[in-house]
Structure formats: C-alpha cells, structure tokens
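Novice: Got a structure for you, written out below as structure tokens; questions coming shortly.
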C-alpha cells in the first residue's frame, strides 16, 4: 500500500461523508482511492485505539464487487459495520465473542443492502463487547478499545469501535446499534452525533423483528448533523413484510438541518430518574447551559420533576427481564450450541456467564409481568407528550467517561450480575427509556469534561418525530460550532 494519501490528512480528517461524496461525484477522487486512504488511516491510528477488527482486502481491490451503487448519494464513501446486528454476505460476524469465528453471513441483511444502495463502500468491521451488553468495549479476544480523546479512557459501548473510528478521523461515519443507549453513549463520550430511531423506522437483521427484539435499533454515528440527516434519509427503505409492525411514511430529515428555525416547547429534566446515585455536576451544568441558550433564542423551556414522566423503576425492571436476561440468556447458549462451542470462563466473560445462569430462573410469568409493565410505562410516556411538549432535554449519560478496565462497566467485572446491571442502569438511566418504549432520541456533543473527554446532551421526541430532533440539532450546531465536527487530539492529521 502506498504511503502517500490521495487527500492531505488534515483535509481527510475534516471532511464529513457529504464532503467525500461530492469529491467522488466531481471526479476529484475515486472510490478505490478513498477506500485505500481509509485503510491507511486504520494503519496509522488503530494500533493506539484498537477500534477496527478487520479491513476487507478484496473490497480495497474492487470496491464494486459487493454491490456498492454508483448512483447512491454517498457513492464511494468508505464506512465500516459494527460487528453486531446487520450482517454482510460472506463476512464474519463475531459479535464480540471469542468463539464465533465460524459465523459467516450467507446474505446481506436489509440494512446492509440499504447502505450499499446509498453508495457506501463497506470496507471492514469495528469492535463491540459481547452481544453489545456493556457500556465499554473490552473483550477477551479483541482487547480494549480506547478513546482517542484520552487513551486512558474508554470509547464507550457497545458501538465503541465505530465511535472511536469516527472521532479519530479514520472514517466520517460508521454503523452503530442501540439496545440500551449503545449509539448515544459512545457518541456522547466521543464528541459525536448519535440518533436512536423510533422503533420500526429501519429494517432489522434477518431472523428478528420489533416484537422479538423490541429494544434494539440500528443507525450510525457521525460528526455533522447534515450527515446524520442525509444518511438516515438514504437508509430508511423498509420493504413490506420485513418487520413486525408497519411504519408510516417518514418525514425527510435533511431539509430540517438548514430550514427556517422553528420554536419548541421543551421539557428539561436533570433529576435522578429514580436512581440513587448522583449525576456529576459537570453534566447537569452543561445541560442547563444548553437549556439557557434555547430559552434565550425563543424556545419555551420548563424544568420538570422526573416523577411526572413515568414509573422509572417499573420501566427498568421490565427492561432487565424482558429485553435483557430472558432473551439474551436463552439466545447465547443456543448460538454456542449451533457452533459446537462449550462456554467457559476462558472464552466467555464473567458477566455473560452469570446472565445465562440467571436466565434459568426466569419464568414465563415473570416475562409476562415485564410486558404488562411495558404497556403501563409506554402509556405514561404518551401521557407526558400529551401535555404539549415537543422535546425533552436531558444529559445523555449519568456519569463521565470512565477509565479503561472499569470494574463497574466491563463484562469482565468480578461483581455479581445484579450489582453490575445496577451500575449500567445508573449510567444509562436517561437512555434506556427510549429503548424500552421505542421513542426516538439523539445525543449531541456538548464540550469536554474535566478529563478531556467529551460529554453529551440528549433530546427525546414523540414517536416518529426524528425531524424535530434533527431540527433542534441543526440549530445547536449552527449556534455552537465549537462543539461539532471536532476530531479527537489523536487523529489522522496529528501523526
């Protein structure tokens, strides 16, 4: 591989996906040249952050072999897929496990097809914890994925490899997925934009649908609002019969980015959301600063008591049983058995093994009670929106970005499972309700914490109101450009 990049590293790192697509469309650079430069960026940065599992050499040699559409709006833009969720034909997907190297996809999943139809060149895979079950990306096989803003700190999880790749400038966009905050969490800790879609907006991987995996959605992490909007517009194709639930026609997002400013009635909540530990003052103060700007610029902002939203303890317990212990505790052993693998402490994390054991005590009555609780809390959220709020503003996470090898958040933690899961609930208290109820939410960059790591703020909207989330994101990006499209100190232009 040549050591001379086609585009200067400073420029390459600053370009978003929209910029790169224009360069290809104008004939200034080819898809193969961009793919080669992205692979060079991996060679430069990945030894320090450990975010990329694999680059596909055959795709570098022939970017069109896998079906990249020359007519797509992002023709020629390289990106990578998180190694969990939607699968690529003929490629491994190990889902963070040390024992899944035999897992080869027989066909592209629908969302992968949408990415290819949009013109993206899928050149590799990024790291994730086992089945995406942790707030940090640390695994037995692949090791620790580090934050390019501060290498002693985590890039987050479970889309940690994708977020670190985008924050360091390896790529302008990577795929991500979110079953309990896993798009928004690493977006917030890497200074990125992470949109969690309404349940059912995008197609799910073959073999699952919105009823069997109600908390999970897929999407992307990016550095600019226009990329987030345009990419979601390009990948929302969902053929009839491919989901459990029909989805109404979606409102285009890209026109919202630079459209005439609309004013919203915004609820502000920085309370504990029924958790016992205290949210760091840095996160609350920055969220209130954003709220102050919104109020100064014509939006109505009302501080609310979190008890007015829903019964959070019922929500968390329902999520723990029906979206975590019961499904994962049954599916993981089934996957291992299909591959002829015996799960041991040498190939599977302590927390995953505990979860599997705990799932054996879950009865159908427990699962049914969790589903009944979901009905109740989802309706409570509906009643909250019926008060006339357009958006809800919160911190994205309830803790600062942790150091690597965190006993609280790593799947290798020696803690009892209930203690480990309680730490996850404490951290993700503001994120999990979107997964449990199917609501859309977006994490936006909000500057750096005292450790030099990014922090984020989050907006919720009613179901199918992604256009409002993108609209408010566009306003904040224009007003606070210093928070947006920033590369980490460790980036392709810095070495």
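Novice: Got a sec? How would 429, 237, 286 order by Cβ neighbour count within 10 Å, fewest to most?
Specialist: Going from least to most buried by this count: 237, 286, 429.
Novice: Also: Between residue 339 and residue 57, what length in nm is gained on full extension when 0.36 nm per residue of separation is reduced by their alpha carbon distance?
Specialist: Full extension of this stretch gives 98.9 nm more.
Novice: So what is the relative contact order for the range 231-360, in percent, with contacts set as C-alpha pairs under 8 Å and at least six apart?
Specialist: Across the range 231-360, relative contact order equals 21 percent.
Novice: Please tell me the relative contact order of the range 292-375 in percent, rounded to the nearest whole number, where contacts are Cα pairs under 8 Å and at least six residues apart.
Specialist: After rounding, I find 41 percent.
Novice: Treat each spin label as a single point 7 Å out from the Cα along the C-beta direction, and report the residue 366 to residue 403 distance in nm.
Specialist: With each label placed 7 Å out from Cα toward Cβ, I get 3.5 nm.
Novice: On to the next question. What spacing in nm lies between the two simple spin-label points modelled at residue 415 and residue 495, each 7 Å away from Cα in the Cβ direction?
Specialist: 3.3
Novice: To the nearest Å, what is the center-to-center distance of the range 386-429 and the range 183-216, using C-alpha atoms only?
Specialist: Taking the Cα centre of the range 183-216 as reference, the centre of the range 386-429 is 17 Å away.
Novice: Restricting to DSSP H runs of at least four residues, report the calculated mean residue ellipticity at 222 nm for the chain, -39500 (n - 2.57) per run over all residues, nearest 500 deg cm²/dmol.
Specialist: -10500 deg cm²/dmol
Novice: Now, a different point. Need the full-extension length gain, residue 307 to residue 103, defined as separation in residues times 0.36 nm minus the C-alpha distance. One decimal, nm.
Specialist: Computed gain between residue 307 and residue 103 is 68.9 nm.
Novice: Read through the labelled values (i) -0.69, -1.23, -1.46; (ii) -0.77, -1.28, -1.46; (iii) -0.88, -1.20, -1.31 and report the label of the one computed as log10 I(q)/I(0) by the Debye sum over Cα atoms at q = 0.10, 0.13, 0.14 Å⁻¹ from the structure.
Specialist: (i)
Novice: Set the Förster radius R0 to 30 Å, insert the Cβ-Cβ distance between residue 285 and residue 387 as r into 1/(1 + (r/R0)^6), and round the FRET efficiency to 0.05. Intermediate values should be presented prior to the final figure.
Specialist: Numbers: r = 26 Å, r/R0 = 0.88.
Working from the Cβ atoms, E equals 0.70.
Novice: Next question, about the same structure. Using Cα pairs under 8 angstrom and six or more residues apart, how large is the relative contact order of the range 9-483, in percent?
Specialist: Values: 1054 pairs, mean separation 82.4, N = 475.
For the range 9-483, the relative contact order is 17 percent.
Novice: Still on this model: For residue 450 paired with residue 71, estimate the spin-label separation in nm (one decimal), with each label point 7 Å from Cα along the Cα-to-Cβ line.
Specialist: 5.7
Novice: Using Cβ counts within 10 Å as a stand-in for footprinting exposure, how do 384, 483 rank, fewest first?
Specialist: 384, 483
Novice: Tell me, 409, 430, 247 in order of fewest to most beta-carbon neighbours within 10 Å?
Specialist: 247, 409, 430
Novice: When the chain is fully extended, how far beyond the present Cα-Cα distance does residue 346 get from residue 262, taking 0.36 nm per residue of separation?
Specialist: Length gained between residue 346 and residue 262: 24.8 nm.
A short reminder: the numbers here are calculations on the coordinates, not readings from a lab. Not measured: the values here are computed from a predicted model. Positions of Cβ are backbone-derived with ideal geometry, glycine not excepted, and every protein chain shown enters the neighbour counts.
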